[in-house]
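The values are calculated or read from the model by the stated rules, or taken from the named source; none is laboratory data. This is a predicted model, so every value here is computed, not measured. Neighbour counts run over all protein chains shown; Cβ positions are idealised from the backbone, glycine included.
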Amino acid sequence: MMNSLNVLQERINSFLATYISQFTCSELQQAMRYSLLAGGKRIRPILVYLTGQMFNCSLSKLDDAAAAIEAIHTYSLIHDDLPAMDNDDLRRGKPTCHIKFGQAQAILAGDALQTLAFTILSESQHINDQTKISMIAELAKASGLNGMCIGQSLDLQAEHQTVTLEHLQQIHNYKTGALIKAAVRLGALACGEESKPYYAMLDSYAQAIGLAFQIQDDILDIIGDQAIMGKPQGSDIAQEKSTYPALIGLQSAIKMTQTLYDQAIDSLRQIPYDSQPLQNLADFIINRKS
């Protein structure tokens, strides 16, 4: 599994490096490039690739969507690390963007990466105009008031409070799950009519792995190795964040990731295409160490 992941990671890294290099070198471009190319698992672009490949879509037709969603994800990480939000000094084993370039440039780098995502999609030479509109709408919804941003807002409001399991799941479905669902949808949209009958199954898969991804993050914050994770351990506890281990206990949280994994696999098995790579990715998500 790691070999196939590595190939796709290298592909999206190369695409992003080439794309960002076309812009005039400035402190803003350097800040964007620093965070965009800082490494990471690239789960969201890989989901775009694997979903599209399942429906026999070429990788070249998926590159733009994969790059767009990674630009959105990177912008969210830059802003998430800021002192006004999670106040983190380390990301992917390196100083966070605001530590390296200052808060003002970090804010602008995040802003510019957000708009860059929609530039990439709108200027794509590999997808038709109607598909572009659908992808832009999908990504905009998943990124904003009905997706990631409201999730981050609710997460901040829940600090220093005890929330219900239902409310915590709602936070994570927005904060993490929305972009993961969008990644799968973008991969499917690139394939046109062939994938349409399976949107419900794909959404179910994405929702399950999105929640499992966040719960695994919560688990790693307690038992993970900081050297492997590339970010401080215990930051959720220090900030009194609402997490699954805090609410239901560590062992119950671990069991919940397995239940979500089973749900994801059941959803994929309803799709009459080779979904093994997506199944493997679900396994990677719940067993990852960073």
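Annotation: Ser60 fulfils all but one of (1) part of a helix (DSSP H, G or I); (2) surrounded by 15 or more Cβ atoms within 10 Å (Cβ to Cβ); the unmet one is (2).
Of all residues in the stretch 20-34, those that are within 17 Å of Ala104 (Cβ to Cβ) have Cβ atoms under 7 Å from Cβ atoms of residues that are in a loop (DSSP other than H, G, I, E, B), 6 or more apart or on another chain, in Gln29/Phe23. Every listed requirement among (1) modelled with pLDDT of 95 or more; (2) surrounded by 14 or more Cβ atoms within 10 Å (Cβ to Cβ); (3) not in a helix (DSSP H, G or I) is met by Asp88 save one, (1).
Within the stretch 45-57, being surrounded by fewer than 24 Cβ atoms within 10 Å (Cβ to Cβ) and under 30 Å from Asp221 (Cα atoms) holds for one residue alone: Leu50. Figure legend. Inter-residue proximity from the stretch 275-290: first residues at pLDDT 90 or above, second residues surrounded by fewer than 17 Cβ atoms within 10 Å (Cβ to Cβ) and part of a loop (DSSP other than H, G, I, E, B), beta-carbon distance below 9 Å, spacing 6+ or different chains. Indicated pairs: Ser275/Arg269; Pro277/Met1; Gln279/Arg269; Asn280/Met1; Leu281/Met1; Asp283/Met1; Phe284/Met1; Phe284/Lys41.
Screening the candidates Ile78, Ile99, Ile69 for the property of being under 28 Å from Val184 (Cβ atoms) and out of contact with any Ser or Thr (no Cβ under 8 Å at 6 or more places or on another chain) yields one hit, Ile69.
For the stretch 168-176, state whether one or more residues are touching a Phe, Trp or Tyr at 6+ places or on another chain (Cβ under 9 Å) and modelled with pLDDT of 95 or more. No, the stretch 168-176 has no match at all.
You will find that of Gln270, Gln251, Gln258, the residue that is of a type in the set (S, T, N, Q) and either buried (at least 19 other Cβ atoms within 10 Å of the Cβ) or part of a loop (DSSP other than H, G, I, E, B) (or both) is Gln270 and no other. Candidates in the stretch 218-274 are the residues that are among the charged types (D, E, K, R) and at pLDDT below 60; of these, the one that is nearest to His160 (Cα to Cα) is Asp236. Checking each residue in the stretch 89-119 for being within 18 Å of Phe23 (Cα to Cα) and either in contact with a Phe, Trp or Tyr (Cβ under 6 Å, 6 or more places away or on another chain) or not hydrophobic (A, V, I, L, M, F, W, C) (or both) picks out Gln105, Gly110, Asp111, Leu113, Gln114, Thr115, Thr119. Residues of the stretch 142-165 that are free of Cβ contacts under 8 Å to residues at least 40 places away in the same chain and either part of a helix (DSSP H, G or I) or basic (Lys, Arg) (or both): Cys149, Ile150, Gly151, Ser153, Leu154, Gln157. If the condition is being part of a helix (DSSP H, G or I) and buried (at least 19 other Cβ atoms within 10 Å of the Cβ), then the stretch 115-131 contributes Leu116, Ala117, Ile120, Leu121, Thr131.
Only one of the numbered conditions (1) at pLDDT 95 or above; (2) more than 14 Å from the chain's Cα centre (by Cα) is not met by Tyr49, and that is (2).
Among the residues that make up the stretch 93-113, is at least one of them under 24 Å from Ile209 (Cα atoms), in contact (Cβ under 8 Å) with a residue 40 or more places away in the chain and of a type in the set (A, V, I, L, M, F, W, C)? No: zero hits.
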